[in-house]
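Following: one structure in structure tokens, then a few remarks.
The values are calculated or read from the model by the stated rules, or taken from the named source; none is laboratory data. Quantities reported herein were computed from a predicted structural model and do not represent experimental measurements. For neighbour counting, all protein chains shown are included, and Cβ atoms are generated from backbone atoms with ideal geometry for every residue, glycine included. Side chains are part of the model used for accessible areas, which takes the heavy atoms of the whole protein and leaves out ligands, DNA and RNA. Shrake-Rupley method; radii C 1.70, N 1.55, O 1.52, S 1.80 Å.
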Amino acid sequence: MILLSLEKLLARVKCVRYLCQDETRVGLKTLTGKMITASGVKPTVEVKWERENFWIYGAIEPLTGKHFEHEDPKLNGEYFQQFLDGLSQQLGYDYAILQIDQSPAKTSSVIRWPENIIPLLQPPHAPELNPIERLWQLVKKILKNELFSCLQTLRVGVARPRHRIQEIFDQLTFEQVISVSSYNFILEALFYAASH
């Protein structure tokens, strides 16, 4: 009888995960970068100056390398709410402590935080404290010197032909995400919290 009650209790215990959230803008304007050429040859890259773009809202788990992305046309509270709702569904019965910046879209009183997501505000003007920033740098490094005819070829989402951003996220391994996002101070804090 006692063993059965313990099993029922353990079945209801939820995992608490630590996630880092931020967003980045991507678009048709070419991201230029260095190129290797033969000695004496000036590198040339075709560039596009169109300013059409969209936003990728994302969350990563530095401990496991798991990641969740959501594309939206704008950066505002309404789209952030959609991101939170989607993330909440992905978490299922797990809870998440979600590190976020203090942008108005995220700290607005209009935001309805899902029951299984607990916001953790990072200090203002300190993006270097958020590990997902390095993931955005990695994604944009891969996109350097690439041209896109329209936003559709760049988008996040499953479609044919493959969208370039989705292709990048599909090819990301958990190890790659861990390597760019596992700051020592975060891992030490997580291991300390797990031991107490």
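From the Cα gyration tensor of the stretch 23-80, with a ≥ b ≥ c the square roots of its eigenvalues, which class applies: rounded if a/c is under 1.5, or else prolate if a/b is larger than b/c, or else oblate? Write down the numbers at each step before the final one.
Details: a/c = 5.77, a/b = 1.73, b/c = 3.34.
Verdict is oblate for the stretch 23-80.
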Next item on the list: Using θ = phi - 60° and the Karplus relation 6.51 cos²θ - 1.76 cosθ + 1.60, list the HN-Hα couplings for the stretch 20-34 in order, rounded to whole Hz, with x at every Gly or Pro.
Entry: 10, 10, 6, 9, 9, 9, 10, x, 6, 4, 5, 8, 8, x, 5
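How long is the gain from I118 to L31 if the chain were fully straight, where each residue apart is worth 0.36 nm and the alpha carbon distance is subtracted? Please report the intermediate quantities before stating the final value.
Numbers: separation 87, 0.36 × 87 = 31.32 nm, distance 3.48 nm.
Gain in length upon complete extension: 27.8 nm.
Can you tell me how much longer the chain between Q90 and S179 gets when fully stretched, taken as 0.36 nm per residue apart minus their C-alpha distance, in nm with one decimal?
Values: separation 89, 0.36 × 89 = 32.04 nm, distance 2.29 nm.
Taking Q90 through S179 to full extension adds about 29.7 nm, to one decimal.
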Note to self: Under 18 Å between alpha carbons, and skipping anything fewer than 8 positions from K140 in its own chain: which lysines qualify?
What the structure shows: K29, K34, K48
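If I take R0 = 41 Å and measure r between the Cβ atoms of E46 and N76 in this structure, what FRET efficiency does the formula 1/(1 + (r/R0)^6) give, to the nearest 0.05? Walk me through the numbers before you get to the answer.
Values: r = 33 Å, r/R0 = 0.81.
So, using R0 = 41 Å, E works out to roughly 0.80.
Sort H125, H70 by accessible area with a 1.4 Å probe, largest first. Walk me through the numbers on the way to the answer.
Details: H125 180, H70 50 Å².
Per-residue accessible area, sorted high to low, gives H125, H70.
Using alpha-carbon pairs under 8 Å, 6+ residues apart, how would you state the relative contact order of the chain in percent? Mind showing how you got there, number by number?
Details: 281 pairs, mean separation 49.8, N = 196.
So the answer I get is 25 percent.
On the accessible surface of the stretch 41-196, probed at 1.4 Å, how many percent belong to carbon and sulfur atoms? Provide the component values of the computation, followed by the final result.
Numbers: 5150 of 9140 Å².
Accessible surface attributable to carbon and sulfur in the stretch 41-196 totals 56 percent.
Show E78, E50 ordered by accessible area, largest first, where the area counts protein heavy atoms only and the probe is 1.4 Å. Mind showing how you got there, number by number?
On the way: E78 115, E50 80 Å².
From most exposed to least exposed: E78, E50.
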Checklist line | Crossing angle, helix 77-91 versus the chain [Cα axis fit, 0-90 degrees, rounded to tens] | finding: 60
Next item on the list: Over 19 Å, how big is the tail of the calculated P(r) for the chain, in percent of all Cα pairs?
Entry: 66
Next item on the list: Please work out the C-alpha center-to-center distance from the stretch 26-60 to the stretch 112-188 and express it in whole Å.
Entry: 17
